[in-house]
Amino acid sequence: MATHKLIPYWIHLTKKYQPEERVQLNNLMGEGTDFSVNNIIDAFDNFCSDYNTGYEKLPKMEKTLSVKNTNSNDEIIEGVLRTGRYGTGADHRNVNDDSLKEEARGADDAVVLPYYFLIVLPSDNKKRALLILEKIGNLGTKMPFEEVVSDWMGKRGNCLVHYDPVVTEDLYEKVENADRLLSLELTKTRSAKALHDQLGSPFKSYGQANEKLIFDSSTAGGNIPVNVDELKDVFFNSERSAVTIRDQEFSDGKLRIEDDGSQRTLSLFQEEVNMNQVLDFEKDDIDLDNQGHPDCSDLSEVARDFANDILDDHNEDGIPGKPLL
């Protein structure tokens, strides 16, 4: 099964002709925008209503976007975004009875998948809102969501929407306090010619490939055998931008940790790192429906806990743990 993640972003608005000045998100009309509501949550509620009955076709991406099953209050809106890719037809194979239905899907048929989302307007800093999007493997809804929302906000409010990844400071402290260190992954980009020279005919002499070193525990449920005290100088020193192993320099790295039952992936060689949360359906107590999709209410509880971790890191009040869905 593909890995499911929750990816957080900070979003803020600016007026089209004042792109440097952030709009107060609980006073949209008072800030001189064209919105008919004052609260950004109400604006997103109107957006969801528009796309609950219809959908947007995005020809350049060959994707569609629609919304279903949303609910909101003054500070929160959550629901399901439905994103589908079209452009290529396919046969369908049933893996239980081995039957094959040829041309089951045409080039104009979109494969529509559900993606949970949560938007929170913090209690203190009203110039930004927290957006959390679900991602399935390498498939997500960020790009179609961003394009459709930006167009809608521009037309309804004469505003621009800005997205910034949520980053966490005190990275090494999170590593020190983690329950388990699950894996360390180092990546470098190499030319195919170098790989051909080193490994021979399996590689061509043109193009590029990522070479990865992955270290994890040989024991299920165990830690990777690293010295936590030594990690700081090697991977969390802000003056370092790479590490050399076996005469190879790796400038991109990720450390996966487990903290209080939740998995987090942290990027190395940065003073601040992007956050995400890897979902574990069993540990996070998430049920699946008959199509193998996570239950929205269960996802909501996990996403709210994740949101509260982020809000707490930024000295904001938390939100209730009870789902609206």
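The values are calculated or read from the model by the stated rules, or taken from the named source; none is laboratory data. On a predicted model such as this, the values are computed, not experimentally measured, just so you know. For neighbour counting, all protein chains shown are included, and Cβ atoms are generated from backbone atoms with ideal geometry for every residue, glycine included. Side chains included, ligands, DNA and RNA excluded: accessible areas come from the protein's heavy atoms. Shrake-Rupley method; radii C 1.70, N 1.55, O 1.52, S 1.80 Å.
Could you check P122 against (1) touching a Ser or Thr at 6+ places or on another chain (Cβ under 7 Å); (2) at negative phi and say which number it fails?
(1)
Is it the case that D45 is open to solvent by 60 Å² or more (accessible area, probe 1.4 Å), touching a residue at least 24 places away in the same chain (Cβ under 8 Å) and assigned by the TED database to the domain that holds V149?
No: the conditions fail for D45.
When region 83-96 is examined, which residues are found to be in contact with a Leu (Cβ under 9 Å, 6 or more places away or on another chain) and surrounded by fewer than 21 Cβ atoms within 10 Å (Cβ to Cβ)?
Correct list: G84, R85, D91, H92, R93, N94.
Within 26 Å of G318 (Cα to Cα), buried (at least 17 other Cβ atoms within 10 Å of the Cβ) and either out of contact with any strand residue (DSSP E or B) (no Cβ under 7 Å at 6 or more places or on another chain) or not assigned by the TED database to the domain that holds Y116 (or both): does that describe L28?
yes
Taking the condition of being under 20 Å from Y163 (Cα atoms) and open to solvent by 50 Å² or more (accessible area, probe 1.4 Å), how many residues in region 1-14 meet it?
1
Whether any residue in region 51-70 is within 24 Å of G292 (Cα to Cα), open to solvent by 70 Å² or more (accessible area, probe 1.4 Å), in a strand (DSSP E or B) and not aromatic (F, W, Y) is what I want to check.
Yes, some residue in region 51-70 is within 24 Å of G292 (Cα to Cα), open to solvent by 70 Å² or more (accessible area, probe 1.4 Å), in a strand (DSSP E or B) and not aromatic (F, W, Y).
Any idea which of V234, V273, V226 is open to solvent by less than 60 Å² (accessible area, probe 1.4 Å), more than 27 Å from G137 (Cα to Cα), modelled with pLDDT under 75 and of a type in the set (A, V, I, L, M, F, W, C)?
After applying the criteria, what remains is V234.
Can you tell me which residue within region 268-304, out of those that are outside any loop (DSSP other than H, G, I, E, B) and in contact with a Gly (Cβ under 7 Å, 6 or more places away or on another chain), is nearest to I7 (Cα to Cα)?
Only one residue fits best here, namely R304.
Please name all residue pairs, on different chains or six or more residues apart, with Cβ atoms under 6 Å, provided the first residue is in region 54-77 and is on the phi > 0 side of the Ramachandran plot and the second residue is at pLDDT 95 or above.
Listed by first residue and then by second, the contacts come to N69/G79; N69/V80.
Restricting region 163-212 to residues that are open to solvent by 50 Å² or more (accessible area, probe 1.4 Å) and modelled with pLDDT of 80 or more, which is nearest to the chain's Cα centre (by Cα)?
Going through the qualifying residues, I end up with P165.
Go through region 102-131 and report how many residues are assigned to a strand (DSSP E or B) and either open to solvent by 50 Å² or more (accessible area, probe 1.4 Å) or farther than 24 Å from N276 by Cβ (or both).
Going through region 102-131 one residue at a time, the tally reaches 6.
Find the residue count for region 8-41, including only residues that are within 16 Å of R128 (Cβ to Cβ) and either aromatic (F, W, Y) or not in a loop (DSSP other than H, G, I, E, B) (or both).
So the count comes out to 14.
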